[in-house]
Structure formats: C-alpha cells, structure tokens
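The values are calculated or read from the model by the stated rules, or taken from the named source; none is laboratory data. Values in this document were obtained by computation on a predicted structure and should not be read as measured data. Here the Cβ is made from the backbone with ideal geometry for all residues, glycine too, and neighbour counts use every protein chain on show. All accessible areas refer to the heavy atoms of the entire protein, side chains included, with ligands and DNA or RNA removed. Shrake-Rupley method; radii C 1.70, N 1.55, O 1.52, S 1.80 Å.
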Amino acid sequence: MRSEHMTRRRFIKLASAATGSVLFCSRTALPQSPMTMPQGPSSAATASGSAPPEERADYTLRIDIGLVEVGPQRIISTATYNGQFPGPLLRLKEGRRVVVDMYNDTDTPEQLHWHGQFLPVDVDGAAEERTPFIPAHGMRRISFTPGPAGFRFYHTHLRAGADLSAGQYSGQVGPVYIEPHHEPGAYDREVFLTLKEFEPFFMRGGDMAMDFLSPAATVLALKNAAKKAERETRGTPKGYEVGYRLFTINGRTLGHGAPIRVKHGERVLLHILNGSATEIRSLALPGHTFKVVALDGNPVPTPVSVPVLWLGTAERVSAIVEMNHPGVWVLGDLADDDRNHGMGIVVEYAGRKGKPQWVKPAQSRWDYTRFGRAGMTAPAPDEVIEMTFAKQQAAAHGFNLWTINGVPFDMEKMTTMFQVRRGTRYRLRMRNASDDIHPMHLHRNSFELTKIAGKSTAGVIKDVVMLGGFQEIEVDVSADQPGLSLFHCHMQLHMDYGFMALFDCV
Ligand SMILES: [Cu+2]
C-alpha cells in the first residue's frame, strides 16, 4: 500500500506537468522518464495481457475530477484524463506494443475504451464485453499492440443513465494517433481538434437536423412501423433529450483558445474528432474546402473536397485544407446557436488581423458513398444479419427505450444477441424505425460500407456510421475478433436505454 501511495504522488507530479497547454498540435502525452516511472501495479487488477510488474509503463492516464477553463470566467468541473481536456494525444506506432497504466482517482469504477482498435476483450474497455473495471481509487495496467493505423481515440465507457456528470457527458475523451506506414496524402502539418459540449441538461423533445444526409431515401415500412408505435403511446409525453450550454473545440469556446495559425499556401491536415456524448456536429471554414482523406482514421479510396464536414457522435474525419484564402476566419459549426455558444475555432493567417469572419456556406449534403470506390459493389457476404432499431416513447422512467429486433439490452443479464463464426463475412443490414439519426458503432472491428439508403458502395472502412431516420444501411464485417464485441448506438442517451447488443465470435 505504501508503494501505491508513492506511485500516486509521483503521478500527480506527472499529471500537473502535462496540464495547462491548450495548443492543439503539441498536446502529446509524454512518454515517461525514469523520474516519474511507476513501481509497477499495486494491488489493483491487471489485464491478462498485462506487462510484468518490473516493466515501465509507456503511458499513464489518470482519471480524476478536474477543472477545465473553457473561456474567461467559465471554469467547469468534470472528470478528465491527466487533469486536462481533451486527454493527452497518444501517438502510438502500429504493431509496437505499449504498456499503459490507468489510474482511477474517482469514487466510481471506470472503463477506458480504446475506440477503433482491434484489441482483446480484457483490454478493449467495455463492461459488457467483461473487461475488468479500473477500480475506484485503484489502477489497472494493460498492454496491447496498437492497430490498425490511423486516427483513433479513447473515452470512458460507463453507463450514465440520468446522471449528466457521468460517462461521456464528462471530459473523459482523448485522441489517439497510430502512425501508419504511409501517411494519407501530402500536407505540411497536422492539427488535432476535439469537438465537445459541456454543461448538459435534460429537456423534453427537441429535434435533430436531418436534411444533410444523402441519399435521402427513406423506407415506407419503417415509417409505418413508427406510426403504429406512436398510435399505441398516444398521450405519452416525449422522452427526455439532452441539450448543452457550452460548446468547445479542444476545450475552449470560440475565440478563447489559441487560434490555428497558418501561412498562405500551407496544407494543413485536420484530424477532427466528435467527442460529444450525444450530438452530431458540422464544420465549415469560409472560403475553404476540406479534402477528406480518411474517415474514422481509415484512408478513403476517393478523396473528395467538400465545403462542409458532418460528424456523428464518435466519428472522425481527417481532411486537408489548402490555406489559399488569407484572412481571419471562424472554423465553426453550421448551427448558429451552437457556434455562438462556442462551437468553433479561429483560423488566422500570418500577418492578418481583425475580427474572425463567419460566412454561412451554401447548402450541401453529406454522402459517404462519394468517398468510396466509384461504380464498385462489394462482393456478396457469407451471411446477412437483419436488424431493426425502434423507439418506445418515454418507456423507461420518462426516457425513450430503444430496441434492437424488439429487445432492449439488459445490463444485468448482458445476453449475447448475435453468434458469429470466425472467418465468416457478415452483412449487417440495419433498419431504423425511428426519426432520429443513430451513429452506429461496433467495437473491436471495422466495417465496410456497402449500401447507404439504397445506394451501393465499396471501399469505405469505418467503425461508426450515421444511420438516417427511417433509412437502411448495410455494412460488411469479417468476424475475426474472437470473443464478445459490443455493438451500439454511440449516443450516450440511446446506448444507456437499451440501444446495444453483443456479438460473440466463436
Ligand atoms: Cu441512437
């Protein structure tokens, strides 16, 4: 116990050394020097793939309640990694094993999920997959081989339910970049941006922007199913939704963080992460376009320049912006209210001064298939798994209850819904019998988009995909990760109220 105490004190030192910087491109977690090295795991549980105790940790992540100064006189208290928001950028190398110590200084057992990586269940970070918790006031040491290459991230994976200080409503989000053998496209430098709201509150009802997805085709049978369900719950008030008072990029409201300083002619590779608990985000930069080179960290077959980026919860976009329109601009969300409450960051050309300018972009739509292999159709899978997602209005103590094939996920029983065989290629046919967009995520795997709202595509590899209201999507996945993999809507409010299912690959 004494050594644990020592270790903790040393890490407080390390954590405070790493705090304070709000620079976006230099927020790297420092690999530890021998001065700050832990003495090895204490009494806390370690993963089965754990490192020998004498081995030094490559990275340390410390969960604790801390303060985030999002703007002048606006300081919020929330759980963070290493006392900063976003958590430190971890730059890993594909295939090079790392040892990570995860400390939890809060009163609640935690899960730290490595989103977008292909990791074993005891490391992945989801209680539903039976990953051990990081005990309250304890630690876990894990080791894993990072992969696949690209832009990933880490975040908490706790159920929050009605507690708006828990789970992804907190500040527990941080970027991971796994260096590939080949970088996607030529650029001069990289900037990492984490989009995140704070100060959440509950409200009844509320509408989601929906008209930006393309193709827009909806399925009549899904609409009819929703209408039928609506008739049955007539008179029931709408379920709770979450709104936010503060909107930030890299933990700062618009105008209160360091601007992105650029030079005329520079090509800047933006790595953008939607770290929201529940929101879909958009971004535009007046006078500029985004050449999308990777989605969810995976290079796309057809890089295309677009005027507006859209990111569902947990999605990532890597895009090159050619800085060819000198001025001082707002890189911001299209929603005026959200941008005016902070969702933006200033882009400032060298030698230019003045008030940052925002210009509303022309109407455009977000179409995943544009980034796919033109004219290609994916080969037929071995098997098709059918899924229908539906909402039971306000059925869970005023919260909407979500079902997959009629079944809400049960956190007590944690039953497996889909048995899959290793080496088999499955097509997941997802049908949305609700009017919400759902960012659907599969742990420990990535999938290939094969059909979006009736339009065939191939070659776009992702781990989250937005499924539009009353729409259908098909993705193909090869079952090659043995054990449990959690599949869920990435909106905290939806996953917490039923919108999850377990795959078991045997
Ligand atoms: Cu959802």
task = Quick one: order Lys360, Lys455 from most to least accessible surface, probe 1.4 Å.
result = Lys360, Lys455
query = Considering only protein heavy atoms and a 1.4 Å probe, what is the carbon-and-sulfur percentage of the accessible area of the range 313-445?
reply = 48
ask   = Roughly how many Å² of Thr302 are accessible to a 1.4 Å probe, to the nearest 10?
value = 50
message = For the chain, what does the relative contact order come out to in percent, with C-alpha contacts under 8 Å and a separation of six or more?
response = 14
request  = Any chance you could check the Cα centroid distance between the range 125-200 and the range 61-106 for me, in angstrom?
outcome  = 10
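Translational diffusion coefficient, Stokes-Einstein: compute it for the chain using the Kirkwood radius over C-alpha pairs as Rh, at 4 °C and 1.567 mPa s, and state it as an integer in µm² s⁻¹.
56
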query = Going by average Cβ neighbours within 10 Å, how do the peptides 102-108, 169-175 rank, with the highest at the top?
reply = 169-175, 102-108
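From the square roots a ≥ b ≥ c of the eigenvalues of the alpha-carbon gyration tensor of the range 299-362, which class results: rounded (a/c under 1.5), prolate (a/b over b/c), or oblate?
The shape class here is oblate.
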note = Taking Lys and Arg as +1 and Asp and Glu as -1, residues besides Asp122 with C-beta under 10 Å from its C-beta add up to 0
query = Per-residue ellipticity at 222 nm for the chain, helices alone: DSSP H runs ≥ 4 residues times -39500 (n - 2.57), over residue total, nearest 500 deg cm²/dmol?
reply = -2500 deg cm²/dmol
request  = Take His137, His155 and sort them by solvent-accessible surface of the protein heavy atoms, 1.4 Å probe, largest at the top.
outcome  = His137, His155
query = Under the classification rounded if a/c is under 1.5, otherwise prolate if a/b is larger than b/c and oblate if not, where does the range 242-367 fall, given a ≥ b ≥ c as square roots of the Cα gyration tensor eigenvalues?
reply = oblate
request  = Could you rank the peptides 340-348, 269-277 by their average count of other C-beta atoms within 10 Å per residue, with the highest value first?
outcome  = 269-277, 340-348
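Explain nothing, just the number: relative contact order of the range 117-252, from Cα pairs under 8 Å at least 6 residues apart, as a whole percent.
Relative contact order of the range 117-252: 22 percent.
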query = If you average the sequence gap of Cα pairs under 8 Å that are 6 or more apart and divide by the length of the range 285-403, what percent do you get for the contact order?
reply = 23
ask   = To the nearest 10 Å², what's Tyr368's accessible area with a 1.4 Å probe?
value = 10
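Rounded, prolate or oblate for the range 53-191? Axes are the square roots of the Cα gyration tensor eigenvalues, ordered a ≥ b ≥ c, and the cut-off for rounded is a/c under 1.5.
Oblate shape, in that a/c is at least 1.5 and b/c is the bigger or equal ratio.
With every protein chain present, what is the per residue accessible area of the chain (1.4 Å probe, Å²)?
Per residue, the chain has 39 Å² of solvent-accessible surface.
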ask   = Peptides 489-496, 141-148: what's the order by average Cβ count within 10 Å, highest mean first?
value = 489-496, 141-148
inquiry  = Could you put Leu283, Leu220 in order of accessible surface area, largest first, with the 1.4 Å probe and the full protein assembly present?
reply    = Leu220, Leu283
task = Find how many whole Å separate the alpha carbon centroid of the range 386-446 from the alpha carbon centroid of the range 233-307.
result = 26
